[in-house]
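The structure appears right after this line, and notes come after that.
The values are calculated or read from the model by the stated rules, or taken from the named source; none is laboratory data. These numbers come from a predicted model, not from an experiment. Counting neighbours? That spans all protein chains shown, and the Cβs are built from the backbone with ideal geometry, glycine included. Surface areas here come from the heavy atoms of the whole protein model, side chains and all, with no ligands, DNA or RNA. Shrake-Rupley method; radii C 1.70, N 1.55, O 1.52, S 1.80 Å.
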Amino acid sequence: MKRRTFLIGSVSGLSLVALTACVPPSPRPTASVSTSPTPTPSLVPRPENLRRSSWSADPFARGSHSFPAVGATPEQREALGQPVDGRLFFAGEATSIDAPGTVQGARASGARSAREVIVAAVTGERIAVIGAGIAGLTAARALKDAGFDVVVVEARDRIGGRIDTVTDKKWPFPIELGASVVRTSGDTTLDEDLTGLGIATAPFSRRSETRTSDGLVVPVPDTGAKAVDAALAWAADQPADVSVAKALDDSGASKLSTTDADTGVSDADWLDFEIVTVLDVNTGAPLDGQSAWYTPAAPGPDEDRLVLGGFAGLFEGLLEGVDLLGSSVVTKIAYGESGASLRLGNGESLGADRVIVTVPLGVLKTKVMEFDPPLPFAHRGAIAALGMGTVDKIWLQFAEPFWDTDAPLWTTVGGDSDFRTWINMVPLTGEPVLVGLVAAETALRLAKVDDDEFLAAALASLEPFVAPPATATPTPAPK
Ligand SMILES: Cc1cc2nc3c(=O)[nH]c(=O)nc-3n(C[C@H](O)[C@H](O)[C@H](O)COP(=O)(O)OP(=O)(O)OC[C@H]3O[C@@H](n4cnc5c(N)ncnc54)[C@H](O)[C@@H]3O)c2cc1C
């Protein structure tokens with residue numbers, strides 16, 4: 001089944017059977033991932049190194065970042081960030097209204113929570129910060145500088161949370177399994193701060209080279225973007241929020257032709273392309289769970305920088321003078337008039353005057369952390385209503401480039417591949433390294449497969465970029 005058949009089917013259950021019937025499966029040159037546990041794609045060479053993320057399965061993240069679920073409002077992010085009884089404070093990307101789901105939003109929320117503590121507390125008090133991601137570390141630094149006794153309690157044996165830089169001699173440069181892109185627009189100095197810390201970044205354009213499954217380079221029409229815009233505009237006039245899937249369906253915006261143009265790509269394929277390479281990657285949300293009212297605007301094509309020099313360098317100096325309790329999972333927070341007490345997974349307890357909670361929304365949703373007394377209704381409502389999306393990455397290092405393009409960003413349209421967005425690190429670093437992205441339902445499905453199957457899906461997705469053999473076509477020659 002062509003991928004568009006599946007996606008349009010998820011938009012409209014009724015149209016699934018008809019579309020499946022009229023869109024024949026496209027022939028693939030290699031074994032399908034789903035039919036063999038360890039297929040070996042013949043066109044793409046095996047990489048020398050591989051790293052993958054699996055954020056939905058990570059017990060200390062349960063997803064990549066929060067998204068606006070149907071029925072949730074931006075005000076609920078504010079509600080989640082409200083202090084409780086002057087004892088409990090909340091930070092983390094999910095509490096950011098201006099930049100949810102981002103490093104800069106998380107960082108700003110950490111600074112905001114520290115300011116709230118400073119107003120409520122007396123200098124010298126002991127403050128426990130739960131979570132050593134950018135929100136927690138920013139709060140800890142500000143409180144230490146303001147004269148508080150700060151302890152950061154972190155479940156993992158590393159700091160950084162969803163900033164996960166791997167510095168390993170197997171790789172020619174630090175690779176990022178979590179955040180890697182910094183937006184330069186909006187109220188942020190993050191890109192300048194990274195430069196100040198000596199962390200290399202490079203301009204990163206979202207204008208991609210787009211290929212069909214047959215490897216044909218095609219210009220991207222505005223068909224898909226216009227359909228999504230029309231659906232969201234229709235949804236804005238409705239009396240209640242609906243999902244993006246329903247908006248596409250009920251507005252009629254998804255009713256696009258499935259007849260292939262000369263390129264082998266139909267209008268329906270271009271809508272699928274917009275969904276997979278823009279909406280899914282931006283929010284990590286399932287289309288039928290994502291709010292049509294509050295779907296964030298896609299970032300502009302030229303406002304991003306890619307971090308090349310190790311995002312984790314951002315933590316430099318943040319823990320100076322701060323106690324860090326690593327590998328310590330907080331399972332219960334009791335709080336009252338006289339202070340707070342944390343229970344850890346190993347049975348030990350820790351006292352503090354006040355607590356800042358920065359664990360991800362996905363963790364709060366699992367209820368592995370008990371609050372005593374229970375959180376106020378507004379907090380519980382926000383935790384239930386907001387969504388946690390999933391974006392995952394695969395990093396592949398090859399002996400040499402097998403591709404024939406210098407474009408830094410690749411996307412594919414049509415076909416049934418899982419990894420539809422790739423970053424080519426050659427123009428950015430000179431190294432034959434590719435980064436594949438999967439998001440939303442595809443990421444959740446692939447999170448369940450082993451590394452061989454994950455790799456097979458990635459390599460099959462790269463086939464449109466394989467340089468043709470020199471004998472088959474005179475130009476362009478393979479590198
Ligand atoms: C694959 C991926 C790609 C991304 N890409 C980008 C990007 O390009 N640009 C961008 O701006 N943002 C991106 N993001 C989002 C960004 O990484 C996050 O918004 C940001 O890092 C969140 O920081 P935080 O401090 O709120 O949470 P976290 O970094 O998740 O920190 C929370 C900490 O709490 C700890 N914790 C959890 N449970 C417990 C517990 N029970 N006890 C103690 N500690 C606990 C966790 O281990 C973690 O260290 C991406 C995220 C992912 C996963």
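So here's what we get for this one:
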quantity: Apportionment of accessible area to carbon and sulfur, the range 49-96, percent (1.4 Å); calculated: 50
quantity: Carbon/sulfur fraction of accessible area - the range 328-419, other protein chains in place, 1.4 Å, %; calculated: 52
quantity: Solvent-accessible surface ranking, highest first, for ARG207, ARG354 at 1.4 angstrom; calculated: ARG207, ARG354
quantity: Low-density loop cleavage sites - trypsin sites (Lys or Arg not before Pro) in the range 242-351, where at most 13 other Cβ are within 10 Å (DSSP); calculated: none
quantity: Long-range tail of P(r) for the chain (Cα pairs > 29 Å, %); calculated: 51
quantity: The range 321-427: GluC sites (Glu not before Pro) falling in loop per DSSP and having at most 11 other Cβ within 10 Å; calculated: GLU337, GLU348
quantity: FRET efficiency, 1/(1 + (r/R0)^6) with R0 60 Å, evaluated for LEU216 and GLU320 via beta carbons; calculated: 0.65
quantity: Gain in span if fully extended, THR167 to ASP406, counting 0.36 nm per residue against the direct Cα distance; calculated: 83.5 nm
quantity: Electrostatic dipole magnitude of the chain [Cβ: Lys, Arg +1; Asp, Glu -1; Cα centre; debye, to 20]; calculated: 680
quantity: Share of alpha-carbon pairs per 5 Å distance bin for the range 362-479, given as whole %; calculated: 2, 9, 16, 16, 14, 11, 8, 7, 6, 5, 3, 2, 1, 1, 0
quantity: With DNA, RNA and ligands ignored, accessible area of ASP323 (1.4 Å probe; Å², nearest 10); calculated: 80
quantity: Overall Cα dimensions of the range 174-225, principal axis frame, Å, largest first; calculated: 43, 27, 17
quantity: Residue-averaged 222 nm ellipticity for the chain, from DSSP H runs of 4+ at -39500 (n - 2.57), nearest 500; calculated: -7500 deg cm²/dmol
quantity: Pairwise label distance in nanometres, ASP193 with LEU50, each label 7 Å out on the Cα-Cβ vector; calculated: 3.6
quantity: Kirkwood hydrodynamic radius (C-alpha pairs) into Stokes-Einstein, the range 297-350, 25 °C and 0.890 mPa s, D in µm²/s; calculated: 158
quantity: With Cα atoms, 0 to 90° folded angle of helix 13-22 axis to the chain main axis; calculated: 30
quantity: Solvent-accessible area per residue for the chain (1.4 angstrom probe, square angstrom); calculated: 41
quantity: Derived scalar couplings ³J(HN,Hα) [the range 122-132; Karplus, 6.51 cos²θ - 1.76 cosθ + 1.60; whole Hz; x for Gly, Pro]; calculated: 9, 3, x, 4, 8, 10, 9, 10, 9, x, 9
quantity: Förster radius 25 Å - calculated FRET efficiency between SER205 and ASP262, Cβ distance, rounded to 0.05; calculated: 0.35
quantity: 0 to 90° range, to nearest 10: angle between helix 451-461 axis and the chain longest Cα axis; calculated: 50
quantity: For the range 90-143, convex hull of alpha carbons as volume per residue, Å³; calculated: 65
quantity: Stretchable slack from ILE97 to ASP450, in nm (0.36 nm times residue separation minus alpha-carbon distance); calculated: 123.4 nm
quantity: Accessible surface of the range 195-292, 1.4 Å probe, proportion on carbon and sulfur as whole %; calculated: 52
quantity: Residues whose placed amide H lies under 5 Å from that of PHE90, excluding near-sequence neighbours; calculated: VAL357
quantity: Largest-first ordering by accessible area, 1.4 Å probe, given options SER349, SER328; calculated: SER349, SER328
quantity: Förster-model FRET efficiency, 35 Å R0, ALA378 and ASP229, C-beta, rounded to 0.05; calculated: 0.60
